[in-house]
């Protein structure tokens, strides 16, 4: 059975749906240098070094809203959610119109099941014509609607996101899942192939792929996905569900 909708935690910021910068260029001042170093260390998963640099950014400029936002995300990664919320609230208070902060805080609130509050910020970011990453905010808003059980609204937003960025892996994955749930197995298959052109399999893409190909009668491909799942993700919940079937 397909698992209940959850936000997918992934390591890269693009897949996480995070955005750090607005359309404005950043001044090359010490606080911004430390901020960019902190973000780079997070990308490398060197979290202690990331934290040190982000704290230095705030020491140099306590009003650096993006540094608060980045530190909030770091706290998310280590499950310090109260600290994450505090930094997001500081960030949005300092820069309420910052598109990246609206996106990040909106996503965070939706993941905490504060859907209505999260959608306010995500809608602002998604509808701002100055936002050159509207597709990211649209996808996060769609995930928020999915969390609320509102699949039709999510589908509209995901299709809009893919019109703006046809290669956005997160939106492609969500459309794979929605298409499968809607019984449109050919569409689910097509979305998975598009997804694989941008990102690698996850346990859930493989699980949905298995069910999709089973439904289409493509048993050879279903078995290929099943073997990939068991070989690459043997400890996943999805692998445990198919471990008795080779």
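The values are calculated or read from the model by the stated rules, or taken from the named source; none is laboratory data. Just so it is clear, the structure is predicted and the values come from calculations on it, not from any experiment. Quick reminder, even Gly has a Cβ in these numbers, built from the backbone with ideal geometry, and neighbours come from all protein chains shown.
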Quick one: would you say residue 176 is modelled with pLDDT of 95 or more, touching a helix residue (DSSP H, G or I) at 6+ places or on another chain (Cβ under 8 Å), more than 25 Å from residue 112 (Cβ to Cβ) and outside any helix (DSSP H, G or I)? no
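Yes/no matrix, rows are residues, columns are (1) over 21 Å from residue 161 (Cβ atoms); (2) modelled with pLDDT of 95 or more:
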position: 191; (1), (2): no, yes
position: 196; (1), (2): no, yes
position: 213; (1), (2): yes, yes
position: 218; (1), (2): yes, yes
position: 229; (1), (2): yes, yes
position: 237; (1), (2): yes, no
Go through 109, 74, 94, 58 for me and flag whichever is surrounded by fewer than 20 Cβ atoms within 10 Å (Cβ to Cβ) and in contact with a helix residue (DSSP H, G or I) (Cβ under 9 Å, 6 or more places away or on another chain). 94
Only listed residue being under 19 Å from residue 108 (Cβ atoms) and within 15 Å of the chain's Cα centre (by Cα), chosen from 172, 162, 157: 157
Positions within region 188-199 being over 15 Å from the mean Cα position of the chain (by Cα) and either under 22 Å from residue 223 (Cβ atoms) or exposed (fewer than 15 other Cβ atoms within 10 Å of the Cβ) (or both), in sequence order: 188, 189, 190, 191, 192, 193, 196, 197
Please determine, by comparing only the residues of region 99-148 that are in a loop (DSSP other than H, G, I, E, B) and in contact (Cβ under 8 Å) with a residue 24 or more places away in the chain, which one is farthest from residue 181 (Cα to Cα). 130
For region 159-173, which residues satisfy the criterion of being crowded, with 24+ Cβ neighbours inside 10 Å and closer than 14 Å to residue 190 by Cβ? 171, 172, 173
Filter region 200-211 down to the residues that are crowded, with 20+ Cβ neighbours inside 10 Å and either over 17 Å from the mean Cα position of the chain (by Cα) or at pLDDT below 95 (or both) and list them by number. 206, 207, 208, 209, 210
If we scan region 31-46, do we find a residue that is at pLDDT below 95, loosely packed, with under 13 Cβ neighbours inside 10 Å, within 26 Å of residue 129 (Cβ to Cβ) and over 21 Å from the mean Cα position of the chain (by Cα)? no
